[in-house]
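K.L.:
Below is the structure I would like to discuss, written out as structure tokens.
The values are calculated or read from the model by the stated rules, or taken from the named source; none is laboratory data. Small disclaimer: the values here were computed from a predicted structure and weren't measured. When we count neighbours, we look across all protein chains shown, and the Cβ atoms used for this are built from the backbone with ideal geometry, even at glycine. With ligands, DNA and RNA removed, areas are computed over all heavy atoms of the protein, side chains included. Shrake-Rupley method; radii C 1.70, N 1.55, O 1.52, S 1.80 Å.
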Amino acid sequence: ETGVTQTPRHLVMGMTNKKSLKCEQHLGHNAMYWYKQSAKKPLELMFVYNFKEQTENNSVPSRFSPECPNSSHLFLHLHTLQPEDSALYLCASSQETRDSRHEQYFGPGTRLTVT
Amino acid sequence: SQQGEEDPQALSIQEGENATMNCSYKTSINNLQWYRQNSGRGLVHLILIRSNEREKHSGRLRVTLDTSKKSSSLLITASRAADTASYFCATANQGGKLIFGQGTELSVKP
């Protein structure tokens, strides 16, 4: 148990659906991250939030929309996804982003399947 | 762009043996981190080594860093079946960005 929870753990959605992934951290951290992990590919950083402000958008398509209402919660809103968006979506948190001196704590991930 | 590249991509050993995984990277770094992932689960942080450190130990783990060769190695001694997992190196620059390699799949047979 890393102190980072993600819901749902599994999600199957059609290409016209709208859904949201939720992440919550109980570690008192100030930075939160979304990653995408596809089969046979390195982990891809999608978004970074530091003290609720988005500091990184790694050229992610607009069909993925992040939201960070406070330092403990992070959402990823999904709409009109494509089958190639099927992947494991991982949330992580760290104390803050300055100098990357801190390790990241990961949630268990949401396995997303787009049909 | 991909920064860390692990070698080998897959490693199969017997319980009790040592496992060595290597990571190479391209640009200058602030620190290098190793993570472990059990199948379909989140990553777990194992160890962080800063750019001015050469070696670090944590239990059965030993990490080395050679910044002149832009490479790092992770050694797991006296491996156990429970060590079966994927192991990733991640390089960190300023600004909170970790760049992960593709990982090494380690299988430890009892």
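K.L.:
With the structure loaded, tell me whether B:His57 is assigned to a strand (DSSP E or B) and facing another protein chain (nearest Cβ under 9 Å) or whether it fails that test.
P.N.:
The answer is no for B:His57.
K.L.:
Filter region A:101-115 down to the residues that are of a type in the set (D, E, K, R) and under 16 Å from B:Leu98 (Cβ atoms), then identify the one that is most open to solvent (accessible area, probe 1.4 Å). Give the steps one after another, and end with the answer.
P.N.:
Start the filter on region A:101-115 by keeping residues that are of a type in the set (D, E, K, R), which leaves A:101, A:103, A:111.
Pick out the ones that are also under 16 Å from B:Leu98 (Cβ atoms) and you get A:101, A:103.
Values: A:Arg101: 87, A:Glu103: 54 Å².
Among those that are of a type in the set (D, E, K, R) and under 16 Å from B:Leu98 (Cβ atoms), it is A:Arg101.
K.L.:
Restricting the search to region B:31-61, which residues are of a type outside the set (A, V, I, L, M, F, W, C) and either open to solvent by less than 30 Å² (accessible area, probe 1.4 Å) or closer than 22 Å to B:Gln102 by Cβ (or both)? Talk me through it step by step, then tell me what you get.
P.N.:
Pass one, region B:31-61, residues of a type outside the set (A, V, I, L, M, F, W, C): B:31, B:33, B:35-42, B:45, B:50-60.
Answer for region B:31-61, where residues must be of a type outside the set (A, V, I, L, M, F, W, C) and either open to solvent by less than 30 Å² (accessible area, probe 1.4 Å) or closer than 22 Å to B:Gln102 by Cβ (or both): B:Asn31, B:Gln33, B:Tyr35, B:Arg36, B:Gln37, B:Asn38, B:Ser39, B:Gly40, B:Arg41, B:Gly42, B:His45.
K.L.:
What do you reckon, is A:Thr7 open to solvent by 50 Å² or more (accessible area, probe 1.4 Å) and in contact with a Lys or Arg (Cβ under 9 Å, 6 or more places away or on another chain)?
P.N.:
Numbers: open to solvent by 50 Å² or more (accessible area, probe 1.4 Å): yes; in contact with a Lys or Arg (Cβ under 9 Å, 6 or more places away or on another chain): yes.
Yes, satisfied.
K.L.:
Among the residues that make up region B:83-93, is at least one of them outside any strand (DSSP E or B) and more than 10 Å from chain A (Cβ to nearest Cβ)?
P.N.:
Looking through region B:83-93, at least one residue is outside any strand (DSSP E or B) and more than 10 Å from chain A (Cβ to nearest Cβ).
K.L.:
Criterion first (within 12 Å of chain B (Cβ to nearest Cβ), surrounded by fewer than 13 Cβ atoms within 10 Å (Cβ to Cβ) and not aromatic (Phe, Trp, Tyr)) does A:Arg98 satisfy it? It would help to see each step written out before you state the result.
P.N.:
On the way: within 12 Å of chain B (Cβ to nearest Cβ): yes; surrounded by fewer than 13 Cβ atoms within 10 Å (Cβ to Cβ): no; not aromatic (Phe, Trp, Tyr): yes.
Here the answer is no, as A:Arg98 does not meet what is asked.
K.L.:
Looking at the structure I just gave you, is B:Ile29 within 13 Å of chain A (Cβ to nearest Cβ), on the phi < 0 side of the Ramachandran plot and either touching a Leu at 6+ places or on another chain (Cβ under 7 Å) or not polar (S, T, N, Q) (or both)?
P.N.:
Details: within 13 Å of chain A (Cβ to nearest Cβ): yes; on the phi < 0 side of the Ramachandran plot: yes; either touching a Leu at 6+ places or on another chain (Cβ under 7 Å) or not polar (S, T, N, Q) (or both): yes.
Judged against the criteria, B:Ile29 is a match.
K.L.:
I've got another one for you. Looking at (1) out of contact with any Gly (no Cβ under 9 Å at 6 or more places or on another chain); (2) without any contact (Cβ under 8 Å) to a residue 24 or more places away in the chain; (3) closer than 21 Å to B:Gln102 by Cα, which is the only condition A:Asn70 fails?
P.N.:
(3)
K.L.:
Can you find a residue in region A:41-48 that is closer than 15 Å to B:Gly40 by Cα and free of Cβ contacts under 8 Å to residues at least 12 places away in the same chain?
P.N.:
Initial filter on region A:41-48 (closer than 15 Å to B:Gly40 by Cα): A:41-43.
When the remaining residues are screened for being free of Cβ contacts under 8 Å to residues at least 12 places away in the same chain, the result is A:41-42.
For region A:41-48, residues closer than 15 Å to B:Gly40 by Cα and free of Cβ contacts under 8 Å to residues at least 12 places away in the same chain: present.
K.L.:
Right, something else. Of A:Asn58, A:Asn30, which residue is loosely packed, with under 14 Cβ neighbours inside 10 Å, out of contact with any helix residue (DSSP H, G or I) (no Cβ under 9 Å at 6 or more places or on another chain) and not aromatic (Phe, Trp, Tyr)? Break it down into steps so the answer makes sense when it comes.
P.N.:
Values: A:Asn30 fails: loosely packed, with under 14 Cβ neighbours inside 10 Å.
Exactly one residue qualifies, and that residue is A:Asn58.
K.L.:
Could you list all residues from region A:75-95 that are hydrophobic (A, V, I, L, M, F, W, C) and open to solvent by 10 Å² or more (accessible area, probe 1.4 Å)?
P.N.:
Here is the first cut: in region A:75-95, the residues hydrophobic (A, V, I, L, M, F, W, C) are A:75-76, A:78, A:81, A:87-88, A:90-92.
Of everything in region A:75-95, just one residue is hydrophobic (A, V, I, L, M, F, W, C) and open to solvent by 10 Å² or more (accessible area, probe 1.4 Å), namely A:Phe75.
K.L.:
Check A:Lys22, A:Lys40 and return the single one that is open to solvent by 50 Å² or more (accessible area, probe 1.4 Å) and part of a strand (DSSP E or B). Step through it out loud before you land on a result.
P.N.:
Values: A:Lys40 fails: part of a strand (DSSP E or B).
Answer to the check: A:Lys22.
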